[in-house]
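The values are calculated or read from the model by the stated rules, or taken from the named source; none is laboratory data. Quantities reported herein were computed from a predicted structural model and do not represent experimental measurements. Cβ placement follows ideal geometry from the backbone for every residue including glycine, while neighbour counts extend to all protein chains displayed.
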Amino acid sequence: MEENNPWTTLKSRKIYENNWIGLTEHEVINPSGGPGIYGEVHFKNFAIGILPLDEQMNTWLVGQYRFPLKAYSWEIPEGGGPLHLDPLDSAKRELMEETGLRAKNWKEIQKMHLSNSVSNELSIIYLATGLTAGEAEPEDTEQLTVRKLPFDQAFEMVMKGEITDSMSVAAILKTKILIAQDQINKI
């Protein structure tokens, strides 16, 4: 399998930038030798996801309206983690902010690129166990609904297409496999 870069970049220019993302347009020669442009979205944070799981096999989902989708979405607790900080510290903060939960045990269960045809965004997903409840502290920009439910119900929501967020789908399916392999108790 060829792993060399078949693209030639002739010129790049920043089109847009804010505190969270940057957009760069590249003039390129594509792999077939033709001229073209390629837009690249650069994220300034890790995408962090957490699947909390208690001893009774319950989990927590967060519901919110997602502006780009123009739709309501049920998801695992998620947020951004600055690239210069330990992603686990960001995961702990996000879980507490969105659900009020704190976890004794943490395990990274998945890394994934969320849309690698246009973006370099890296997602890191954790399984959090040994949970204790507290008060949620959502950010000012968040209007969240927190829902505790049996993990198997969250799995069914994925299977029915009711959960479509990629990090949530990956976390729930991966955890279902870990449960089936009896690896959850080893965390």
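Does residue 165 meet the test of being buried (at least 17 other Cβ atoms within 10 Å of the Cβ) and among the acidic types (Asp, Glu)? Show your work before the answer.
Numbers: buried (at least 17 other Cβ atoms within 10 Å of the Cβ): yes; among the acidic types (Asp, Glu): yes.
Answer is yes for this residue.
With within 14 Å of the chain's Cα centre (by Cα) and not β-branched (Val, Ile, Thr) as the only criterion, which of 53, 69, 88 stands out? Full working, then the answer.
On the way: 53 fails: within 14 Å of the chain's Cα centre (by Cα); 69 fails: within 14 Å of the chain's Cα centre (by Cα).
That would be 88, the only listed residue that is within 14 Å of the chain's Cα centre (by Cα) and not β-branched (Val, Ile, Thr).
If you go through region 20-69, how many residues are over 19 Å from residue 114 (Cα atoms) and assigned to a loop (DSSP other than H, G, I, E, B)?
So the answer is 10.
How many residues does region 114-134 contain that are in a loop (DSSP other than H, G, I, E, B) and either in contact with a Pro (Cβ under 6 Å, 6 or more places away or on another chain) or aliphatic (A, V, I, L, M) (or both)? Explain how you work it out, then say what you get.
Our first condition is that a residue be in a loop (DSSP other than H, G, I, E, B); within region 114-134, this holds for 114-118, 120-121, 133-134.
Among the residues that remain, those that are also either in contact with a Pro (Cβ under 6 Å, 6 or more places away or on another chain) or aliphatic (A, V, I, L, M) (or both) are: 114, 118, 133.
Of the residues in that region, 3 qualify.
Criterion first (farther than 22 Å from residue 113 by Cα and in a loop (DSSP other than H, G, I, E, B)) does residue 164 satisfy it? Spell out how you get there, then give the answer.
Numbers: farther than 22 Å from residue 113 by Cα: no; in a loop (DSSP other than H, G, I, E, B): yes.
The answer is no for residue 164.
Do we find that residue 12 is more than 18 Å from residue 121 (Cβ to Cβ) and in a loop (DSSP other than H, G, I, E, B) in this structure? Steps first, please.
Numbers: more than 18 Å from residue 121 (Cβ to Cβ): yes; in a loop (DSSP other than H, G, I, E, B): no.
Against the criterion (more than 18 Å from residue 121 (Cβ to Cβ) and in a loop (DSSP other than H, G, I, E, B)), residue 12 does not qualify.
From the residues in region 138-147 that are at pLDDT below 85 and surrounded by 12 or more Cβ atoms within 10 Å (Cβ to Cβ), which one is farthest from residue 97 (Cα to Cα)?
Filtering region 138-147 down to residues at pLDDT below 85 leaves 138-143.
If we keep only those that are surrounded by 12 or more Cβ atoms within 10 Å (Cβ to Cβ) too, we end up with 138, 142.
Details: 138: 5, 142: 10 Å.
Only one residue tops the list, namely 142.
Considering only residues that are touching a residue at least 40 places away in the same chain (Cβ under 8 Å), aliphatic (A, V, I, L, M) and over 21 Å from residue 108 (Cβ atoms), which ones fall in region 121-145? Can you show your working first?
So the first thing to find is which residues in region 121-145 are touching a residue at least 40 places away in the same chain (Cβ under 8 Å), and the list is 121-129, 131, 136-139, 142-145.
Next, from what is left, pick out any that are aliphatic (A, V, I, L, M): 122, 124-125, 127-128, 131, 136, 144.
136, 144, listed by residue number.
Can you give me the number of residues within region 70-111 that are assigned to a helix (DSSP H, G or I) and touching a Gly at 6+ places or on another chain (Cβ under 6 Å)?
Here is the first cut: in region 70-111, the residues assigned to a helix (DSSP H, G or I) are 87-99.
Cutting the leftovers down to touching a Gly at 6+ places or on another chain (Cβ under 6 Å) gives us 87, 90, 94.
The qualifying residues number 3.
Suppose we filter region 95-137 for residues that are surrounded by fewer than 15 Cβ atoms within 10 Å (Cβ to Cβ) and of a type in the set (Ser, Thr, Tyr); how many remain?
3
Out of 21, 29, which single residue is surrounded by 10 or more Cβ atoms within 10 Å (Cβ to Cβ), among the hydrophobic types (A, V, I, L, M, F, W, C) and closer than 22 Å to residue 81 by Cα? Talk me through it step by step, then tell me what you get.
Details: 29 fails: closer than 22 Å to residue 81 by Cα.
Only one candidate qualifies: 21.
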